Amino acid sequence: MTTTFGQRSFARWYPRFMDRVERAGQAEIRREQLALARGRVLEIGAGSGLSLPHYPDELDELVLLEPNAVLRAQLAARTDGPAAPVTVIDGDAHALDFPDASVDTVTASLVFCSLGDPARALAEVHRVLRPGGQFLFHEHVRGSGVRAVFQDLLTPVQRRLADGCHANRDFESLLRAAPFTDIEVAALRMPTRLPTIVPLVVGTARA
Ligand SMILES: C[S@@+](CC[C@H](N)C(=O)[O-])C[C@H]1O[C@@H](n2cnc3c(N)ncnc32)[C@H](O)[C@@H]1O
């Protein structure tokens with residue numbers, strides 16, 4: 001698939017922007033959550049690999065799926081992953097090229113805001129997880145009150161500037177409508193001054 005101008009531009013500024021956010025506390029959120037990853041792990045929308053250093057060494061395998069070719073090249077160049085075998089692949093969260101029940105853990109961070117059909121992608125995550133397998137998510141979401149109105153107004157701009165990112169996505173409602181069990185969600189704040197992406201949900205669900 002060809003890389004669009006929007007994807008190339010996103011791949012340039014996103015890792016630099018996130019560097020400050022990671023140092024302000026986002027990395028700690030990743031580390032704490034990804035300690036729960038087990039077995040054969042699939043990360044969807046892995047981006048530039050900001051989660052990579054936070055996976056436990058004891059995994060069986062880590063597969064990093066990323067459709068943006070420029071970000072895939074950044075992923076492939078990283079050397080700070082876990083001791084387990086790490087593979088970087090092209091792909092699409094809406095149609096995962098994995099058999100049913102073939103993965104122990106799926107992880108996603110700041111991905112569902114960017115998807116055209118997040119409900120379909122959640123169904124795909126559920127399908128590829130083995131029964132009882134874990135979905136670990138960490139997503140910026142629609143807030144409430146004035147912030148939500150602000151997010152609605154700015155979403156068309158943010159979509160253009162940030163490769164399709166919807167500032168106002170209600171991820172938790174989508175997750176609760178999908179066939180997961182044991183859903184646990186913590187409402188946190190992303191340590192950034194960009195108000196449209198501050199509300200964060202971090203949690204786990206089981207297939
Ligand atoms: C905001 S970035 C987050 C990157 C990374 N997960 C992180 O935590 O920094 C959103 C990512 O979702 C990816 N993405 C967009 N559409 C996708 C799709 N259909 N399937 C899988 N990933 C997708 C983008 O290429 C990008 O890497």
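Which order do the peptides 57-63, 3-9, 70-76 take when ranked by the mean count of other beta-carbon atoms within 10 Å per residue, highest first? Walk me through the intermediate numbers first.
On the way: 57-63: 15.6, 3-9: 13.3, 70-76: 18.3.
Ranked by mean Cβ neighbours within 10 Å, highest first: 70-76, 57-63, 3-9.
Sort S51, S102 so that the residue with the fewest other Cβ atoms within 10 Å of its own Cβ comes first and the one with the most comes last.
S102, S51
What ranking do 93-99, 117-123 get when scored by the average of other Cβ atoms within 10 Å per residue, highest first? Please report the intermediate quantities before stating the final value.
Details: 93-99: 15.0, 117-123: 17.9.
Descending mean neighbour count gives 117-123, 93-99.
Report ³J(HN,Hα) in whole Hz for each residue of segment 131-148, in order, from the Karplus equation J = 6.51 cos²θ - 1.76 cosθ + 1.60 where θ = phi - 60°; Gly and Pro get x.
Calculated HN-Hα couplings, in order: x, x, x, 9, 10, 10, 10, 6, 10, 7, 9, 5, x, 9, x, 4, 4, 5 Hz.
So what is the 222 nm mean residue ellipticity for the chain from helices alone, if each DSSP H run of at least 4 adds -39500 (n - 2.57) and you divide by all residues, rounding to the nearest 500 deg cm²/dmol? Write out the running numbers ahead of the final one.
Details: 6 runs with 68 residues, N = 207.
So the calculated ellipticity at 222 nm is -10000 deg cm²/dmol.
Just so you know, all these numbers are worked out from the coordinates, no wet-lab data involved. Source: prediction; values computed, not measured. As a convention, Cβ positions derive from the backbone with ideal geometry for all residues, glycine included, and neighbour counts pool all protein chains shown.
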